[in-house]
Amino acid sequence: MSRHSAGTGPGRAEENGATPGPPPRRKRVILADSRAPVTVLRTVVELEEQTSYGEELVRGFIRIQLWTAVRLGALAVVLLCGLPVLFFLIPGMADVTLAGVRLPWLLLGVVPFPVLFGIGYWYNVLAERHERDFVDMVEK
């Protein structure tokens, strides 16, 4: 016989010498939260089954991400291609030296790295915001 009690069902009370009492209360087991909004489930199903509405939601999300990337990429191109144009329009900048190094070399060799890092960081922040907005829209 095991160390654990097998319960106090019919026939057990007489074996244990106890008087039969009221049966224990049953616990209600709920498998899913019935308070979840139906629209959330409907939208998730639309996305999973790739219906026309779900495809439109994903297409809009991708469109926003693409436009963000194109705009920030264009900003990077303008800033980086603007430096040689600036040197062409203002030839006197080629004669300026800082710490024994000419200014154009410093601007072309040092400035692009923090600029590209900043644009990349900005894109990451915007992309995460778009993803959060998309998830919030789906969960509403």
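The values are calculated or read from the model by the stated rules, or taken from the named source; none is laboratory data. From a predicted model like this one, the values you see are computed outputs, not experimental measurements. FYI the Cβ positions are ideal-geometry reconstructions off the backbone, even for glycines, and counts take in every protein chain you see.
Pairs are defined by a Cβ separation below 7 Å, a sequence spacing of at least 6 or placement on different chains, a first member in region 127-140 that is within 25 Å of GLY73 (Cα to Cα), and a second member that is loosely packed, with under 12 Cβ neighbours inside 10 Å; no pair meets this definition. Restricted to region 18-43, and to residues that are modelled with pLDDT of 70 or more and either touching a Leu at 6+ places or on another chain (Cβ under 7 Å) or surrounded by 10 or more Cβ atoms within 10 Å (Cβ to Cβ) (or both), which residue is nearest to LYS140 (Cα to Cα)? Across region 18-43, the extreme among qualifying residues is PRO23. PRO10 satisfies every condition listed in (1) at pLDDT below 90; (2) closer than 30 Å to VAL138 by Cβ; (3) not hydrophobic (A, V, I, L, M, F, W, C) except (2). List the residue pairs whose Cβ atoms are under 9 Å apart, where the first residue sits in region 44-62 and is closer than 15 Å to ASP133 by Cα, the second is at pLDDT 70 or above and of a type in the set (Phe, Trp, Tyr), and the two are 6 or more positions apart or on different chains. Final answer for the pair search is LEU57/PHE134; VAL58/PHE134; GLY60/PHE134; PHE61/PHE134. Among the residues of region 102-140, which ones are surrounded by 12 or more Cβ atoms within 10 Å (Cβ to Cβ) and outside any helix (DSSP H, G or I)? ARG102, VAL111 - these are the residues of region 102-140 that are surrounded by 12 or more Cβ atoms within 10 Å (Cβ to Cβ) and outside any helix (DSSP H, G or I). Just one residue in the set GLU48, GLU55 is exposed (fewer than 11 other Cβ atoms within 10 Å of the Cβ) and either over 26 Å from LEU116 (Cα atoms) or β-branched (Val, Ile, Thr) (or both); that residue is GLU48.
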